[in-house]
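A short worksheet on the structure shown next.
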Amino acid sequence: MVKEKQNSVGLKKNLISLTYEKRKQFIEKNNEQICLKRQAELLDISRSGLYCQPRVNQQDTALMNLVDEIYTELPFYDSRRIRKQLKIYHQIYICREKAQRLMRLKA
């Protein structure tokens, strides 16, 4: 009994050292032996995070495709120049940080 507890505690400590996304992949929604509540507790994940589906922002997706087009055509452009391109030729006003984030997401 003590050995089992030590092993389970050791496994739990090892699992917690993983990233949130990796731990979330261990969840088995159709597991009949361990309920979702217990799995979330063991993996140190909030239960609301199991049911919540991330929303895709349509504006960001369109903007990301536009940034990708510019970057494909002019790969030496940085976020400042891409922001300027969007402003001058497409009349889209975004801050440099957003252009940088979109470039990072697309890469």
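Each reported figure results from applying straightforward, stated rules to the coordinates on display, with no laboratory input. None of these values were measured; they are calculated from a predicted model. A quick note on method: Cβ atoms are made from the backbone with ideal geometry, for glycine too, and the neighbour counts reach across all protein chains shown.
What order do you get for Ile27, Ile34 when you list them from fewest to most C-beta neighbours inside 10 Å? List each step's numbers first, then the result.
Numbers: Ile27 16, Ile34 12.
In order of increasing Cβ crowding within 10 Å: Ile34, Ile27.
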* Asked: Once the Cα atoms of helix 2-16 and of the chain are each reduced to a long axis, what angle between those two axes, in degrees from 0 to 90 to the nearest 10, is obtained?
  -> 0 degrees
* Asked: Taking the mean number of other Cβ atoms within 10 Å as a proxy for protection, how do you rank 65-71, 40-46, 88-94 from highest to lowest?
  -> 65-71, 40-46, 88-94
* From the square roots a ≥ b ≥ c of the eigenvalues of the alpha-carbon gyration tensor of the range 61-107, which class results: rounded (a/c under 1.5), prolate (a/b over b/c), or oblate? -> rounded
* Mind pulling the angle between the C-alpha long axis of helix 79-90 and the longest principal axis of the chain? Nearest 10 degrees, somewhere in 0 to 90. => 60 degrees
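Take the cross-link list Lys24/Lys84; Lys37/Lys106; Lys84/Lys106 and give me the ones stretching past 28 Å between alpha-carbons.
From the list (Lys24/Lys84; Lys37/Lys106; Lys84/Lys106), the Cα-Cα distance tops 28 Å for Lys24/Lys84; Lys37/Lys106.
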* Over the chain, equivalent-ellipsoid semi-axes from the Cα gyration tensor in Å -> 45, 15, 10
